[in-house]
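Read-outs throughout are calculated quantities, based only on the coordinates presented, and are distinct from any laboratory measurement. Please read these numbers as outputs of a predicted model, since none were measured by experiment. Cβ atoms come from the backbone with ideal geometry, glycine included; neighbour counts cover every protein chain shown.
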Amino acid sequence: MTALRHDADAACPPFASPTDEHLCIRLLNAQALRDAYGIEFDQAVAHAVHQRLQECGFPAHAIVLDGDHARVSLADLPDLTGLPRGACDQITESIVSVLCREAVTQGTQRAYLNANATFVREDKPASLPAWPGHSADNALSPGKVPALAHTGHRIAYRSDMVLAHDFLQDLRHGVLLLYFQPVTLFTNTDHHLYHEALLRRTPSMRSPYSCVDAIGALKRLGLIARLDRSVVWSTVELLELHPHMHLGCNVSALSLQDDAWWRLLHTRLAIDPDLSSRLTLEITEPDAVADIEQASALLARLRRLGCRIAIDDIDATHGSLEFMRRVQPDVVKIDRSVLLHASMPQQTPELLRKLTRLCADYCPAVIAEGIETLDELALAIRAGVHGVQGFLIAEPSMRPAWLNPAPARVEDAFWLGLVPCFQASPPCWMGGAPQDMPHLDTKPNPC
């Protein structure tokens, strides 16, 4: 098989169909959901996947659930091979959004799916068994489910999912805001290198959770990419509205995978080099990167487009330093824990000085973050850093003077854009001549 638009780890089992093409969807957390909620939850997942694919316009008879995959025959649908790569990425991103934006519910249990999608074409149709018959109640291979995980794991997973649900509901309803804190170079204190966008909740609303705890839960559940794409696209929109500003935003190292949303971002940045040059992506927790080769290639493409790459949370661990060596970023931010360690009476600042010199070998701007006192500032200067960030310099602001309108709300990327609506007839074209484009209609997402 040749994947027309391949998402990482989205390989789909081969099958025979009346056409060479199909849509393959991999449910990345299907097994984790079984372990945490039991086999019965498979029924709810299967029903939700089937219904949500129909919302995208796929006919019910074309949808088959097989193990941790959903497969859709394109026999009665437009030929998608003629679509530009960007259009296919838009379609798969929209399909993933529809599948994952709302929690699957069974009784009092609620959990979010994590999925990716790709269009696949068979170069030479193989002699394979026919598709199994489909039932809307078809569970995802319940007979092959292993014994449920340890009770402690199930409790922790469910607890994280409850926290993630509350947080993602707030994201959907515009409760999450961006605050801005400057990153300042000593060589140019009048003009900041950029302003980092920091995630906060609306201050007037009481919350049962902290953003730090919720983000940790999303990372453990494998759902952090939804937040990352939402923050990145919201930051890009702010750069469009404020052409004089340079902004940075956080992206988890866990999200550095070859997904469609990154390719869509590449396309957006390629058509506006000025905007790209004003965007800094701060990669957090570099130790957590899943595939350093893939991550390095993705970041290299962004740098070629003019985007700055910063590595956040740098410390003396091997994984953190190896990631810096491979990426060779524009900015490195030394974790506050290193500064605190160096400022302890029984410690020397030698580690901070050595780490600063090492970072400077790979990066032109080494920043000490979390500066809160004059003593910490003096310690950072003696260590040789190029700039600083922290409460001593400026507190994060919800309403900086340059921001209009304020405040800046984070928009949930899974509730933006278009839901693809596929139709075999009548033909509906997304621009271009009929001989250039297949039939494809779109409709706005319900919000």
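Once you order the gyration tensor axes a ≥ b ≥ c over the Cα atoms, which shape class does the range 346-392 get: rounded for a/c under 1.5, otherwise prolate or oblate by comparing a/b with b/c? Walk me through the intermediate numbers first.
Numbers: a/c = 2.52, a/b = 1.22, b/c = 2.07.
Taking the square roots of the gyration eigenvalues as a ≥ b ≥ c, the range 346-392 is oblate.
What does the charge count near Leu33 come to, summing +1 for each Lys or Arg and -1 for each Asp or Glu among other residues with Cβ under 13 Å from its Cβ?
Working: positive: Arg34, Arg110, Arg154, Arg158; negative: Asp35, Glu40, Asp42, Asp68, Asp160.
Neighbourhood net charge equals -1.
Would you mind pulling out the separation of the Cα centroids of the range 268-342 and the range 49-71, in Å?
38
Relative contact order, percent, of the range 155-409 when contacts are C-alpha pairs under 8 Å separated by at least 6 residues?
Values: 418 pairs, mean separation 48.0, N = 255.
Relative contact order comes out at 19 percent.
Give me the net charge for the shell around His244: Cβ to Cβ below 14 angstrom, other residues only, Lys and Arg +1, Asp and Glu -1.
Working: positive: Arg278; negative: Glu240, Asp274.
So the environment of His244 carries a net charge of -1.
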